[in-house]
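One structure is given here, and the rest of the page talks about it.
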Amino acid sequence: MELLKQRIRKDGTVKGNDVLKVDSFLNHQMDVALFEEIGKEFLRRFDGCGVNKILTIEASGIGIACVTAQFFHCPVVFAKKSQTKNITGEVYATKVESFTHGKVYDVIVSKKFLGPRDKVLIIDDFLANGAALEGLIDLVNQAGVQLAGAGIVIEKAFQPGGDRLRASGVKVESLARIKSMSEEQGVEFAD
């Protein structure tokens, strides 16, 4: 998605060789007009797949998932990183290691929001090592839900997550795939 690549070049900041800060438009301050174009592109890539729910993980994926859901005319379910008093009843649970935060979260979704009649599209902002996506897929499998695939805004293609998930049969559609990045050279895209 050329519009996204241009925005990453213009406003993204590389820290070291593995951190890309896109907080000015993607995951802290959100450019809703850009999210709309992202949502349209995810619809184009997953149209006809029968998606009736979108699943994401808190917090950075929620805005993107919500805008995307408008194009699929379906609800968004987001996996929570902690149990709260608001979640009652049975839950699906898994563990997810966060690359960004360097910690493991117990991630949960209430069983009343995912079931065998659902066909889920997972949406997330980043794919690096694949831990978050694997955790969401685990929740999908526990629920007996059909997985349409995963829509990722930015994939760090130099890390193993995307290749491993594609090899396992998951349809992963990333809008910007980064081949390499460094503070000196900036971002080089894979395609």
Some residue of the range 68-79 being in a helix (DSSP H, G or I), closer than 21 Å to ARG7 by Cα and in contact (Cβ under 8 Å) with a residue 12 or more places away in the chain = yes
Could you list, in sequence order, the residues of the range 134-191 that are touching a Gly at 6+ places or on another chain (Cβ under 9 Å), farther than 21 Å from GLY61 by Cβ and of a type in the set (Gly, Ala, Ser)?
-> GLY144, SER182, GLY186
Can you name the residue in the range 28-51 that is in contact with a helix residue (DSSP H, G or I) (Cβ under 8 Å, 6 or more places away or on another chain) and in a loop (DSSP other than H, G, I, E, B) and is also least open to solvent (accessible area, probe 1.4 Å) among such residues?
-> VAL51
Looking at PHE25, is it of a type in the set (Phe, Trp, Tyr), on the phi < 0 side of the Ramachandran plot and not in a loop (DSSP other than H, G, I, E, B)?
-> no
Identify, by number, the condition in (1) in a loop (DSSP other than H, G, I, E, B); (2) within 23 Å of LYS21 (Cα to Cα); (3) small (Gly, Ala, Ser) that GLY169 doesn't meet.
-> (2)
Is one or more of the residues making up the range 29-51 without any contact (Cβ under 8 Å) to a residue 24 or more places away in the chain and under 30 Å from SER182 (Cβ atoms)?
-> yes
Considering residues of the range 171-182 that are open to solvent by 20 Å² or more (accessible area, probe 1.4 Å) and not polar (S, T, N, Q) only, the residue farthest from ILE64 (Cα to Cα) | LYS179
Identify, please: which residue in the range 98-119 is aliphatic (A, V, I, L, M) and open to solvent by 10 Å² or more (accessible area, probe 1.4 Å) and is, among those, nearest to GLY50 (Cα to Cα)?
-> ILE108
Hits in the range 74-96 - residues which are at pLDDT below 70 and touching a Ser or Thr at 6+ places or on another chain (Cβ under 9 Å) = ILE87, THR88
Confirm whether VAL107 is of a type outside the set (Ser, Thr, Tyr) and in a strand (DSSP E or B).
-> yes
May I ask you to list the residues in the range 147-164 that are of a type outside the set (Lys, Arg) and surrounded by fewer than 18 Cβ atoms within 10 Å (Cβ to Cβ)?
-> PHE158, GLN159, PRO160, ASP163
Would you point out the residue of the range 120-143, among those that are open to solvent by less than 10 Å² (accessible area, probe 1.4 Å) and β-branched (Val, Ile, Thr), that is farthest from the chain's Cα centre (by Cα)?
-> VAL140
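The values are calculated or read from the model by the stated rules, or taken from the named source; none is laboratory data. None of the values given here were measured: they were computed from a predicted structure. All Cβ positions, even for glycine, are placed from backbone atoms using ideal geometry, and neighbour counts span all protein chains on display. Quick note on the areas: whole protein, heavy atoms, side chains included, nothing else; ligands and nucleic acids left out. Shrake-Rupley method; radii C 1.70, N 1.55, O 1.52, S 1.80 Å.
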